[in-house]
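Novice: First the structure, then my questions, so here it is.
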Amino acid sequence: MAIPPLDPLVVGGHIPHATLIEAGSLPMAELNLPHDRPIATHRGHGQRAATALSVLHWRGFEKLALVAEGADAWGADGGAIEGAFVKSASDCAPTSTNSHC
């Protein structure tokens with residue numbers, strides 16, 4: 001899932017060990033998720049993540065957590081992010097044509 005970064009110089013990335021599951025598929029998908037470890041849902045805003053959390057609870061998962069502001073907030077609070085890269089400030093100069101700025 002694409003979550004725009006809070007810092008325009010940091011591009012991409014995901015929470016380590018995260019499994020991407022489309023929220024709309026949660027009610028019927030075969031879920032290979034642990035019942036004995038916490039599962040956190042996240043998205044760029046909390047509503048879809050909260051809905052996913054509700055569906056997981058309905059499906060019998062009990063150790064659930066919500067990362068309300070998504071991976072960006074997770075990273076900003078010191079959580080690990082994998083696969084992100086940092087651009088130089090000159091890449092985002094006003095005259096730049098870089099589409100990631």
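The values are calculated or read from the model by the stated rules, or taken from the named source; none is laboratory data. In this text the structure is predicted, and so the values were computed from the model without any measurement. Note: ideal-geometry Cβ built from the backbone for every residue, glycine included; neighbour counts use all protein chains shown.
Novice: Here are the criteria: (1) surrounded by 12 or more Cβ atoms within 10 Å (Cβ to Cβ); (2) touching a Lys or Arg at 6+ places or on another chain (Cβ under 9 Å); (3) at pLDDT 90 or above. Tell me which single one Asp36 does not satisfy.
Specialist: In the conditions (1) surrounded by 12 or more Cβ atoms within 10 Å (Cβ to Cβ); (2) touching a Lys or Arg at 6+ places or on another chain (Cβ under 9 Å); (3) at pLDDT 90 or above, Asp36 misses (1) alone.
Novice: Can you tell me which residue among Leu66, Leu53 is surrounded by fewer than 16 Cβ atoms within 10 Å (Cβ to Cβ), modelled with pLDDT of 80 or more and not in a loop (DSSP other than H, G, I, E, B)?
Specialist: Leu66
Novice: Ok, one more. Out of the residues in the range 14-33 that are touching a helix residue (DSSP H, G or I) at 6+ places or on another chain (Cβ under 7 Å) and part of a loop (DSSP other than H, G, I, E, B), which is modelled with the lowest pLDDT?
Specialist: At the first step, the residues of the range 14-33 found to be touching a helix residue (DSSP H, G or I) at 6+ places or on another chain (Cβ under 7 Å) are 14-15, 23, 26-27.
Adding the requirement that they be part of a loop (DSSP other than H, G, I, E, B) leaves 15, 26-27.
Numbers: Ile15: 83, Leu26: 90, Pro27: 94.
Across the range 14-33, the extreme among qualifying residues is Ile15.
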